[in-house]
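Notes for the one structure printed next.
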Amino acid sequence: MKIAVALPDPPNFLYDLHPYILGDEDNHTILVDEITDDCDFLIGWSVTQMDKIEKLHKQCPNVPMINYNWDIYKWVWTTPRDGEYDYKRYGELLKESLEVWCPSESVVKRNKEYFGIEKNHIIKTSAQLFDPKGVIKDRRYILNAMRDMPDKTLHWFKKACEELDIPYQETNKRLGWEAYKEVVQNCSFVVCPMYEASTGGLTLIEAYRLGKPVLMSDSYYQGGQDYFGDRAEYFKHDSYEDFKAKVKDMWENPRKVDIEDAILFTDQYTSKVMAESVLNRLKELKK
């Protein structure tokens with residue numbers, strides 16, 4: 001197959017998929033930010049690449065287009081951030097797609113609700129799994145590594161920790177990779193307080209692999225449930241008091257995670273596995 005892709009500039013973890021696709025027993029070619037009429041597919045990997053995707057699609061409109069929509073939330077319409085992406089325009093691009101790929105069922109639901117898109121297919125994302133540096137420790141602080149978003153539960157984490165007098169970190173992944181890994185490796189447990197999150201945040205997976213317990217919302221739009229199932233702890237999405245009680249309980253009664261089992265479990269979230277999912281789906285669509 002010959003595959004055109006619109007990708008963010010490197011370094012980006014999506015480039016890690018390419019060696020596995022190129023190394024398949026069949027012959028494949030990947031064109032990054034380029035397209036020719038003989039391509040089998042065009043894959044747009046993010047709303048951030050919308051301009052590129054539109055340009056490539058117009059250049060070769062007969063090449064079937066697939067878009068990976070990582071997330072779409074209610075607050076995009078009600079309380080958008082400064083400089084928010086044009087999701088109305090992106091929705092029109094998604095509608096022109098042969099298929100829209102999503103990381104979780106929560107995004108599938110929103111695609112249907114906001115854009116009327118029925119041709120959705122879930123391809124779970126990989127995480128940036130890493131080996132610990134030195135001994136994994138519990139330095140007694142809770143970690144929320146979600147980026148700031150105008151989610152209705154945005155301030156629950158900080159508020160609960162301060163009311164309970166529990167040390168915490170909110171990295172927002174601004175630390176740099178090495179410092180970020182150290183913060184993840186040494187936390188007590190990791191939390192996603194958001195009502196809506198397409199994956200719950202990939203930090204959950206990275207931390208769980210190191211033996212860190214996970215707490216997230218039981219919301220209908222919490223995609224992290226697709227990734228963890230009953231391996232995570234959940235709080236009632238519409239109850240701050242329940243969230244606070246769960247944080248307090250997990251702090252006072254530390255959970256134990258079997259690291260060997262966690263490693264085996266999170267092996268399904270490697271770049272190799274995601275690349276295989278992408279390639280298998282493309283082969284199905286090409287039949």
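The values are calculated or read from the model by the stated rules, or taken from the named source; none is laboratory data. Every value quoted in this text rests on a predicted model; they were computed, and no experiment measured them. Counting neighbours? That spans all protein chains shown, and the Cβs are built from the backbone with ideal geometry, glycine included.
Worth pointing out:
- The test for being buried (at least 18 other Cβ atoms within 10 Å of the Cβ), more than 22 Å from Leu264 (Cβ to Cβ) and in contact (Cβ under 8 Å) with a residue 24 or more places away in the chain does not hold for Cys187.
- Test: residue in the range 218-235 that is within 20 Å of Asp71 (Cα to Cα), crowded, with 23+ Cβ neighbours inside 10 Å and among the polar types (S, T, N, Q): yes
- Residue match in the range 221-234 (condition: more than 20 Å from the chain's Cα centre (by Cα) and of a type in the set (A, V, I, L, M, F, W, C)): no
- Filtered by the rule that a residue be under 16 Å from the mean Cα position of the chain (by Cα) and outside any strand (DSSP E or B), the range 89-110 gives Pro103, Ser104, Glu105, Ser106, Val107, Val108, Lys109, Arg110.
- 2 or more residues under 13 Å from Met1 (Cβ atoms): qualifying helices (runs of 4 or more DSSP H) within the range 15-88: 18-22
- Among residues of the range 205-220 being small (Gly, Ala, Ser) and in contact with a strand residue (DSSP E or B) (Cβ under 7 Å, 6 or more places away or on another chain), the one that is nearest to Leu143 (Cα to Cα) is Ala207.
- Residue count for the range 145-163, restricted to those that are surrounded by fewer than 21 Cβ atoms within 10 Å (Cβ to Cβ), of a type outside the set (Asp, Glu) and either touching a Leu at 6+ places or on another chain (Cβ under 6 Å) or outside any loop (DSSP other than H, G, I, E, B) (or both): 2.
- When residues of the range 1-14 are limited to those that are assigned to a loop (DSSP other than H, G, I, E, B) and not charged (D, E, K, R), the one farthest from His57 (Cα to Cα): Pro11
- Subset of the range 246-268 (residues that are among the basic types (Lys, Arg) and in contact (Cβ under 8 Å) with a residue 60 or more places away in the chain): Lys248, Arg255
- Inside the range 252-287, residues that are at pLDDT below 95 and not in a loop (DSSP other than H, G, I, E, B) make up a count of 1.
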